[in-house]
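*Asks:* Here it is, the structure in full.
The values are calculated or read from the model by the stated rules, or taken from the named source; none is laboratory data. Given the structure is predicted, the values throughout are model-derived calculations rather than measurements. Using ideal geometry, Cβ is built from the backbone for each residue, glycine included, and neighbour counts are taken over all protein chains shown. We work out accessible area using only protein heavy atoms, side chains counted, and drop any ligands, DNA or RNA first. Shrake-Rupley method; radii C 1.70, N 1.55, O 1.52, S 1.80 Å.
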Amino acid sequence: MQIIREINALRRAIAAVRGEGGSVALVPTMGALHAGHLKLVREARRLARHVVASIFVNPMQFGPGEDLSSYPRREAEDAQMLEAEGCAILWAPSVDVMYRQGHATKIGVSGVSAGLDGDARPGHFEGVATVVVKLFNQVQPDIAVFGEKDFQQLVVIRRMTADLDLPVQIVGVPTQRDADGLALSSRNAYLTAEERRCARTLPRVLLEAAQAIREGGDIAEALARARQALAAAGFEPIDYIELRDAETLEPWTNINRPARILAAAKIGRTRLIDNIPILPAIRGS
Ligand code: PAF
């Protein structure tokens, strides 16, 4: 696997793999890889001949007071894992390479970026959309693979890709979970043992609420019960726990359409997000 840090070198490497024929899939990450990321890489390998992974901790998507400086960085270990999974190229630019001096462009995706994490983390999705467009332009993949754990992010990226006619197929991969149901996340490393024990309440209450809603229970009541259970387990603040249309992220009104329950809450100093489908998720794009 080649580890590449400069744009011209990346372009040459992509031209070389393109010369071998077959399609290219991109797996964008911020590193600190876990089994959830490796699942994305495996899906990318299943769909394309060549896999490019990127590691870039994107300052533009972190707000003031968020964990940009403490975000886990372990590129050497990550590179070994990616190589073992058969990645052809690791694209790992520095901040200066990604955002050259004078960088002044941001991509805003209105509608789906509003509410939920868009409210809790102002500017976050502009940062995500901007870096993802840049990654697409740099790598020029046929396919890009993202986890469903960051569900609003996936919806924002699908919207942006469609709106800008980007020739990239967006693939969403279901969330990888620990045995107790907690969604894998690089930020789980921040949890103390006690917080880790409490954290499993999050997927449990989402599953219970989803079950109640599937069985025709009152939506507001199911979400209020879930909120109470999270508060009782020590989550504070609870940024949101909401049921939304899985494609538009608008409030869910049409029971024939797929929906998601999405939640974000803090346990101690760690903010966790998770989501559960009510009807089968929309896959591919
Ligand atoms: O999901 C992530 O790891 C990041 O938000 C992404 C898509 C790599 C953009 O920085």
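*Asks:* Name the long-range amide H neighbours of Asp239: under 5 Å, sequence gap of 5 or more, or other chain; modelled H, no Pro or chain starts.
*Replies:* Ala264, Ala265, Lys266
*Asks:* Oh, and also: Can you check what the net charge comes to around Val139, using other residues whose Cβ is under 14 Å from the Cβ of Val139 (Lys, Arg +1; Asp, Glu -1)?
*Replies:* So the environment of Val139 carries a net charge of +3.
*Asks:* Then there's this: Percent relative contact order of the chain, based on C-alpha pairs within less than 8 angstrom and at least six residues apart?
*Replies:* Details: 490 pairs, mean separation 48.8, N = 285.
Contact order relative to length: 17 percent.
*Asks:* Only four residue types carry charge here, +1 at the Cβ of Lys and Arg and -1 at the Cβ of Asp and Glu. Report the dipole size of region 161-274 about the Cα centre in Debye, rounded to the nearest 20. Before the final figure, lay out the partial values.
*Replies:* Values: 15 positive and 17 negative charges, 96 e Å.
Dipole magnitude for region 161-274 comes out near 460 debye.
*Asks:* Could I ask something else about it? Post the alpha-carbon centroid distance, region 244-276 to region 12-47, in whole angstrom.
*Replies:* Taking the Cα centre of each part, region 244-276 and region 12-47 sit 28 Å apart.
*Asks:* Give me, ordered by chain and number, the residues 5 or more places off Ala259 or on other chains with an amide H under 5 Å from its own placed amide H.
*Replies:* Those qualifying (amide H under 5 Å, at least 5 residues apart or on another chain) are Ala246, Ile278, Leu279.
*Asks:* On to the next question. Of all DSSP beta bridges in the chain, what percent run antiparallel (nearest 5)? Provide the component values of the computation, followed by the final result.
*Replies:* Working: 18 of 37 bridges.
That works out to approximately 50 percent antiparallel.
*Asks:* Same structure again: Can you give me the accessible area per residue for region 1-120, using a 1.4 Å probe, in Å²?
*Replies:* Accessible surface, normalised per residue, equals 49 Å².
*Asks:* If I compute solvent accessible area with a 1.4 Å probe over the protein chains, what percent of it on the chain is carbon and sulfur?
*Replies:* Of the solvent-accessible surface of the chain, carbon and sulfur hold 50 percent.
*Asks:* Taking the convex hull of the Cα atoms, report for the chain its projected area averaged over all directions, in nm².
*Replies:* Approximately 14.8 nm², given one-decimal rounding.
*Asks:* Please go through region 1-44 and write out the trypsin sites (Lys or Arg not before Pro) that DSSP classes as loop and that have at most 15 other C-beta atoms within 10 Å.
*Replies:* Details: sites: Arg5, Arg11, Arg12, Arg18, Lys39, Arg42; in loops: Arg5.
In loop regions of region 1-44 (DSSP not H, G, I, E or B), the sparsely surrounded trypsin sites (Lys or Arg not before Pro) are Arg5.
*Asks:* From the phi angles alone, apply the Karplus equation (6.51, -1.76, 1.60; θ = phi - 60°) to region 160-172 and give each ³J(HN,Hα) in whole Hz, x where the residue is Gly or Pro.
*Replies:* Residue by residue, region 160-172 yields 4, 5, 5, 5, 9, 6, 6, x, 10, 8, 8, 10, x Hz.
*Asks:* To continue, here is another question. Please report the net charge: other residues with Cβ closer than 10 Å to the Cβ of Arg121, K and R +1, D and E -1.
*Replies:* In short, -3.
*Asks:* For the chain, give the magnitude of the charge dipole about the Cα centre (Cβ charges: +1 Lys/Arg, -1 Asp/Glu; no others), in debye to the nearest 20.
*Replies:* It works out to roughly 500 debye.
*Asks:* Which longest run of the chain has no exposed loop site in it, a site being GluC sites (Glu not before Pro) in a DSSP loop with at most 10 other beta carbons within 10 Å, and the site itself not part of the run?
*Replies:* Formally, the longest exposed-site-free interval is 21-214.
*Asks:* For Cα pairs less than 8 Å apart in space and 6+ apart in sequence, what is the mean separation divided by the residue count of region 1-60, i.e. the relative contact order in percent?
*Replies:* Working: 55 pairs, mean separation 22.7, N = 60.
Taking the mean separation of contacting Cα pairs over the length of region 1-60, I get 38 percent.
*Asks:* With +1 assigned to the C-beta of every Lys and Arg and -1 to the C-beta of every Asp and Glu, and no other charges, what is the dipole magnitude of region 78-153 about the Cα centre in debye, to the nearest 20? Let's see the in-between values first.
*Replies:* Values: 5 positive and 10 negative charges, 70 e Å.
So the dipole magnitude of region 78-153 works out to roughly 340 debye.
*Asks:* Using only alpha carbon pairs under 8 Å that are at least six residues apart, calculate the relative contact order of region 214-269 and give it in whole percent.
*Replies:* Taking the mean separation of contacting Cα pairs over the length of region 214-269, I get 34 percent.
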